[in-house]
Amino acid sequence: MNLSIPMFITYLILFILTIFLGEELMLFVGSSIHIGFLPGWRTAILVLLAVYFGDFLFFYLGYHFGEPFLDKLAQKRLIKKARVEKVIGIFERGGSWILFASKFVYGLNHLTQIVAGTMKFDPKRYARNQVIVSLIWVVIYLFIGYTFSAVLSDIFSDLRTLIIALTLIFLAIIALGFIIDWIIDKFFPVEKR
């Protein structure tokens, strides 16, 4: 396996970005694999490792620094205290399933990993869960990005259709976020402490 310096730098940047970014980067990577900018299996394995590493990074930030870390993030307005309380409430009611669900809810993943650490979720169980969850998440989003790029390649000549499709997809993603927030508010209300 010969890795050129530009490709090494590309992979390094991709690894770092994958730790902090989410769905939008995976869609871009899937598209990049389709057009041949990035090699398929090597890139898929790299982003899977980066996602797993990133989840553990956020988990151990919570595990090591605890609630003061969450409070500091809320003070700096990097997270919403109400959302933290909702995630804590779900964990307290035995809702470790949120580790899986949060991967698919925009803006909830990193917070959930930090809260899991803060609540001293069993690290071994967390590691097992995240291997499966990360694999499923990466495969789904790379597939969507790859497929989306393939479809765009077929319809790219019709710019008006492309703009309408992208607008509808963007609106659907926003609507889905509001629906999921509503479901969390409705079925998992924050209990007064």
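Miscellaneous remarks
- Selection from segment 129-156 of residues that are of a type in the set (A, V, I, L, M), modelled with pLDDT under 90 and farther than 13 Å from G30 by Cβ: I155
- Here I19 does not fit the description of being touching a residue at least 24 places away in the same chain (Cβ under 8 Å), surrounded by 11 or more Cβ atoms within 10 Å (Cβ to Cβ) and closer than 24 Å to D154 by Cβ.
- Only one of the listed residues (K120, K76, K103, K80) is modelled with pLDDT of 85 or more and either over 17 Å from I19 (Cα atoms) or among the β-branched types (V, I, T) (or both). That residue is K120.
- The residues listed here are M26, M7; of these, the one that is in a helix (DSSP H, G or I), out of contact with any Asp or Glu (no Cβ under 8 Å at 6 or more places or on another chain) and closer than 24 Å to S102 by Cβ is M26.
- Residue under evaluation G36, criteria (1) open to solvent by less than 70 Å² (accessible area, probe 1.4 Å); (2) touching a Phe, Trp or Tyr at 6+ places or on another chain (Cβ under 9 Å), criterion not met: (2)
- Restricting attention to segment 87-131, the residues that are outside any helix (DSSP H, G or I) and among the small types (G, A, S) add up to 4.
- Scope segment 71-86; condition in a helix (DSSP H, G or I), farther than 15 Å from S102 by Cβ and among the hydrophobic types (A, V, I, L, M, F, W, C); matching residues: L73, A74, A82
- Residues that are over 21 Å from the mean Cα position of the chain (by Cα), open to solvent by less than 90 Å² (accessible area, probe 1.4 Å) and free of Cβ contacts under 8 Å to residues at least 12 places away in the same chain, drawn from segment 62-112: D71, G94
- Residue within segment 43-50 that is closer than 20 Å to V131 by Cα, without any contact (Cβ under 8 Å) to a residue 12 or more places away in the chain and part of a helix (DSSP H, G or I) present: yes
- All positions within segment 118-151 that are closer than 23 Å to G40 by Cβ and among the β-branched types (V, I, T): V131, I132, V133, I136, V138, V139, I140, I144, T147, V151
- When the test is whether a residue is at pLDDT 90 or above, part of a helix (DSSP H, G or I) and under 18 Å from G177 (Cβ atoms), Y63 does not pass it.
- A Cβ distance below 8 Å, combined with a sequence gap of six or more or placement on separate chains, defines the contacts here; from segment 162-173, residues that are part of a helix (DSSP H, G or I) and open to solvent by less than 70 Å² (accessible area, probe 1.4 Å) reach residues that are among the hydrophobic types (A, V, I, L, M, F, W, C) and at pLDDT below 70 in the pairs L162/I155; L162/F156; A165/I155.
The values are calculated or read from the model by the stated rules, or taken from the named source; none is laboratory data. Note that the structure is predicted; figures quoted are calculated from it, not measured. Positions of Cβ are generated from backbone atoms using ideal geometry, with glycine treated the same way; all protein chains shown enter the neighbour counts. We work out accessible area using only protein heavy atoms, side chains counted, and drop any ligands, DNA or RNA first. Shrake-Rupley method; radii C 1.70, N 1.55, O 1.52, S 1.80 Å.
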